[in-house]
Amino acid sequence: MQKLLLLHGAIGSKDQLKPLADILKLNYEVHTLNFAGHGGEQMPNQFSIELFANNVLTYMEQNNISKINIFGYSMGGYVALYLAKYYPNKIEKVFTLATKFLWNAEISQKEIKMLDASKIEEKIPAFAQLLEKRHQPNDWKVLLKKTSDMMISLGNKNSLTLLDLTDISATTKIALGDNDNMVTLDETKEVAQNLKNSELLILQDTLHPIEKVEIVNLSDELKTFFK
């Protein structure tokens, strides 16, 4: 049975991917993990794509996995492609969904505005409570601050440039929901075009949040790709 690792997005956790994992476990040996500082994992000094990639490598070593397929949602897709670039012998195929690839100073400043803890508490308290529960015993406000700092760093120096992508040999599928308001179609197309062995997938009637994705349809796409 093929091994398949599901990677969550920024300020998320592996629990968000459980509905998808439950469907896929009939066809794959499914693995999930929480990135450092997420889902109650120990909080590091700072977040980075490199750190999260090392989280995956450590998990693979601990579970005696030499090579694996990856589905990465949002930031998880960025981490997956980073691994495919710098650790190609560890990665089989990569399927990304709703991944933000284009980073610069202006975009980073726009993105971190959505991570203002005080505004979240004031305007969407239910989400604040969800984040508190999702990441306890860690302070969710610290998590948001470290995520913001990481985004600023990405804006100053993107960890994956278009030139980096041309070196990736793994077979990939780059997917985006047609109603995603966080990731643009243009940047998604550009990434798919710069990868050697890639195709673009647009999911109809699909928003950015993983909870809004039609999981059965997504699982069907994954099973077709990871066959």
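The values are calculated or read from the model by the stated rules, or taken from the named source; none is laboratory data. Here the structure is a predicted model, which means the values were calculated and not measured. A quick note on method: Cβ atoms are made from the backbone with ideal geometry, for glycine too, and the neighbour counts reach across all protein chains shown.
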Filter region 36-67 for residues that are of a type in the set (F, W, Y) and assigned to a loop (DSSP other than H, G, I, E, B) and give the result.
F47
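Can you list the helices (runs of 4 or more DSSP H) lying wholly within region 112-169 that have 1 or more residues being under 17 Å from Y82 (Cβ atoms)? Break it down stepwise before answering.
Working: elements: 117-123, 125-135, 140-156, 162-165.
Here the list reads 140-156, 162-165.
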Only one of I23, I70 that is closer than 17 Å to L222 by Cα, out of contact with any Lys or Arg (no Cβ under 8 Å at 6 or more places or on another chain), β-branched (V, I, T) and not in a loop (DSSP other than H, G, I, E, B)
I23
Enumerate the pairs (first residue in region 114-142 and within 20 Å of Q16 (Cα to Cα); second residue anywhere and at pLDDT below 95 and of a type in the set (S, T, N, Q)) with beta-carbon separation below 7 Å, excluding pairs fewer than 6 apart on the same chain, so at least 6 apart or on different chains.
none
Quick one: how many residues across region 163-200 are of a type outside the set (S, T, N, Q), surrounded by 15 or more Cβ atoms within 10 Å (Cβ to Cβ) and over 18 Å from G76 (Cα atoms)?
1
Considering only region 1-20, state which residues are assigned to a strand (DSSP E or B) and touching a Leu at 6+ places or on another chain (Cβ under 8 Å).
L4, L5, L6, L7
Determine which single condition M1 fails, assuming it passes every other condition in (1) farther than 21 Å from K85 by Cα; (2) modelled with pLDDT of 95 or more; (3) among the aliphatic types (A, V, I, L, M).
(2)
Of the residues in region 189-216, those that are under 24 Å from K14 (Cβ atoms), out of contact with any helix residue (DSSP H, G or I) (no Cβ under 6 Å at 6 or more places or on another chain), in contact (Cβ under 8 Å) with a residue 40 or more places away in the chain and not in a strand (DSSP E or B) come to H208, E211, V213, V216
